[in-house]
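Q: For reference, the structure I am asking about is given below.
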Amino acid sequence: MKLLLSHDQLSSRIREMGREITKDMAGLEPHVIAVLKGACPFMTDLCQWIDLPLSMDYIAVSSYGAATKSSGEVKLSKDLDTSIKDRDLIIAEDIVDTGLTLNYLVNLLKARGPRSIRVASLLSKPSRRLIEVKVDYTGFVIDDLFVVGYGLDYNEKYRNLRDIVVFEG
Ligand code: 5GP
């Protein structure tokens, strides 16, 4: 497996993202929502650099299966614990690939009446996009590669790697 982003590179970029969010959201109390499971390490580290009184919650989605994946049909497998009405949300994602998952999530959460929604994604593969989605904070833009580590898995493995590496099978 080839190293793509070292833990040090991830940490320093995440620190910058946290500081930018702190500035942009000054005076607000962000409600940060991590998309399980891949975004957990990112969300945890990011929140340590957001110097605001924030709260956290978790949501999980799964696709209906390979056959329907490209249609973007995803189902909610774990919902939020609390209401998001009038809250200022930050959705923390590990990676935006086709954009279908994020598009589904944003629409789902929007319908619940939050005051604002921002999206922070550690990685983005714009060349794979099937639907336009707004990502307010992007850690790193990467090529069309399958990566694992720092939360990202292959068959539930490698989430515990400190670095992000290119999975070569
Ligand atoms: P999208 O709906 O944007 O196509 O897919 C987003 C989800 O696909 C991510 O949250 C992640 O679970 C998975 N995914 C997309 N690209 C990669 C990748 O390179 N590595 C891993 N491990 N998962 C990926």
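The values are calculated or read from the model by the stated rules, or taken from the named source; none is laboratory data. Nothing here was measured: the structure is a model prediction, and the numbers come from that model. A quick note on method: Cβ atoms are made from the backbone with ideal geometry, for glycine too, and the neighbour counts reach across all protein chains shown.
Q: Only one residue in Met1, Met56, Met43, Met25 is surrounded by fewer than 17 Cβ atoms within 10 Å (Cβ to Cβ) and closer than 23 Å to Asp86 by Cβ, so which one is that? Let's see the steps before the verdict.
A: Numbers: Met1 fails: closer than 23 Å to Asp86 by Cβ; Met43 fails: surrounded by fewer than 17 Cβ atoms within 10 Å (Cβ to Cβ); Met25 fails: surrounded by fewer than 17 Cβ atoms within 10 Å (Cβ to Cβ).
Criteria check complete, one pass: Met56.
Q: When you check Leu89 against the structure, is it in contact (Cβ under 8 Å) with a residue 40 or more places away in the chain, of a type in the set (A, V, I, L, M), touching a strand residue (DSSP E or B) at 6+ places or on another chain (Cβ under 7 Å) and closer than 13 Å to Ile59 by Cβ, yes or no? Break it down stepwise before answering.
A: Numbers: in contact (Cβ under 8 Å) with a residue 40 or more places away in the chain: yes; of a type in the set (A, V, I, L, M): yes; touching a strand residue (DSSP E or B) at 6+ places or on another chain (Cβ under 7 Å): yes; closer than 13 Å to Ile59 by Cβ: yes.
Here the answer is yes, as Leu89 does meet what is asked.
Q: Same structure, new question: Before we move on, is Leu105 touching a residue at least 24 places away in the same chain (Cβ under 8 Å), assigned to a helix (DSSP H, G or I) and over 18 Å from Pro41 (Cβ atoms)?
A: On the way: touching a residue at least 24 places away in the same chain (Cβ under 8 Å): yes; assigned to a helix (DSSP H, G or I): yes; over 18 Å from Pro41 (Cβ atoms): yes.
When the stated conditions are applied, Leu105 passes them.
Q: Give just the number: which of (1) part of a strand (DSSP E or B); (2) within 16 Å of the ligand (Cβ to nearest atom); (3) modelled with pLDDT of 95 or more does Leu89 not satisfy?
A: (2)
Q: Step by step: first the residues of segment 108-125, then only those that are farther than 17 Å from Met56 by Cβ and in a helix (DSSP H, G or I), then the one that is nearest to the ligand (Cβ to nearest atom). Which residue is that?
A: My answer is Leu108.
Q: Within segment 141-162, track down each residue that is surrounded by fewer than 17 Cβ atoms within 10 Å (Cβ to Cβ) and touching a residue at least 40 places away in the same chain (Cβ under 8 Å). Show your work before the answer.
A: Residues of segment 141-162 surrounded by fewer than 17 Cβ atoms within 10 Å (Cβ to Cβ): 141, 143-146, 153-157, 160, 162.
Leu145, Asp153, Arg162, listed by residue number.
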